[in-house]
1. With θ set to phi - 60°, apply the Karplus curve 6.51 cos²θ - 1.76 cosθ + 1.60 along the range 49-61 and write out the HN-Hα couplings as whole Hz, x wherever there is a Gly or Pro.
2. Can you put 68, 44, 170 in order of Cβ neighbours within 10 angstrom, beginning with the fewest?
3. What is the set of long-range amide H partners of residue 117 at a cut-off below 5 Å, with H atoms built 1.01 Å from backbone N?
4. Quick one: 134, 157, fewest Cβ neighbours within 10 Å first, how do they rank?
5. Going by C-beta contacts inside 10 Å, put 104, 51 in order with the fewest on the left.
6. Excluding residue 164 itself, calculate the net charge of residues whose Cβ lies under 9 Å from the Cβ of residue 164, where each Lys or Arg counts +1 and each Asp or Glu counts -1.
7. Which values of log₁₀ I(q)/I(0), to two decimal places, follow from the Debye formula for the range 80-156 at q = 0.11, 0.15, 0.24, 0.27 Å⁻¹ with a uniform point scatterer at every Cα?
8. Under 5 Å between amide hydrogens, which residues at least 5 positions from residue 144 or on another chain qualify, with H placed 1.01 Å from N in the peptide plane?
Amino acid sequence: MASKPFKIILITFLLLSSSGCKKKSVINEKQAILFQLDYVNYAWGYQHNGYFIDSEGNILTYYNPPEWNFPDKELSLSDAQIAQNISRCIISGKKVPKDELQKYSNYIRNFASTKVSALKNEGAADAGSLEFICYQFMADKKSYKGTIIKMEGDFSCENLNFFTKKVTEWMRDINRSLAGN
């Protein structure tokens with residue numbers, strides 16, 4: 001026969017598991033962007049291109065946009081700066097399916113709470129910087145807090161989260177599909 005504390009724990013577990021608890025979604029109507037792949041190179045003339053994935057799954061591309069708002073050293077941008085950057089983008093016509101977007105956006109909180117490896121100099125002074133970034137919208141501050149998933153190029157680092165490789169490959173696949181246009 002089961003002890004009384006065991007029965008209480010079992011009943012609590014059954015109630016919680018049957019109550020329909022769901023993981024809170026990162027996607028909300030106030031968050032304009034979720035992910036960004038950004039490439040910058042100053043070595044052979046200015047090159048700046050990449051894409052955003054918005055909360056609807058739209059892929060917005062940019063190539064040497066004028067007056068771009070780069071994140072500060074904490075990877076933060078105001079809502080107004082994001083809106084300006086988006087206005088300088090082109091809608092690619094490609095869209096991430098809703099279930100796929102939900103799957104990958106659920107990793108954003110994990111990335112935000114995981115450390116990033118130390119910056120490593122790769123010795124290539126002309127490779128530029130390719131950054132895989134995810135964003136959380138801070139409604140109270142009307143700003144976006146970016147988190148590095150991975151950085152490659154002249155310097156490299158990566159988020160130490162288990163899902164880093166999976167999300168990085170997903171973003172690379174999206175980039176390859178855009179290059180096929």
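No lab work stands behind these numbers, since they all come straight from the coordinates. Note that the structure is a prediction, hence the values are computed from the model and not measured. Quick reminder, even Gly has a Cβ in these numbers, built from the backbone with ideal geometry, and neighbours come from all protein chains shown.
1. Each residue's phi maps through the Karplus curve to give 8, x, 8, 10, 10, 8, 5, 9, x, 5, 9, 10, 9 Hz.
2. 44, 68, 170
3. 158, 159, 160
4. Ascending Cβ contact count within 10 Å gives the list 157, 134.
5. Fewest-to-most Cβ neighbours within 10 Å comes out as 104, 51.
6. That works out to +2.
7. Taking Cα atoms of the range 80-156 as identical point scatterers yields -0.42, -0.77, -1.20, -1.20.
8. The answer is 77, 78, 79, 138.
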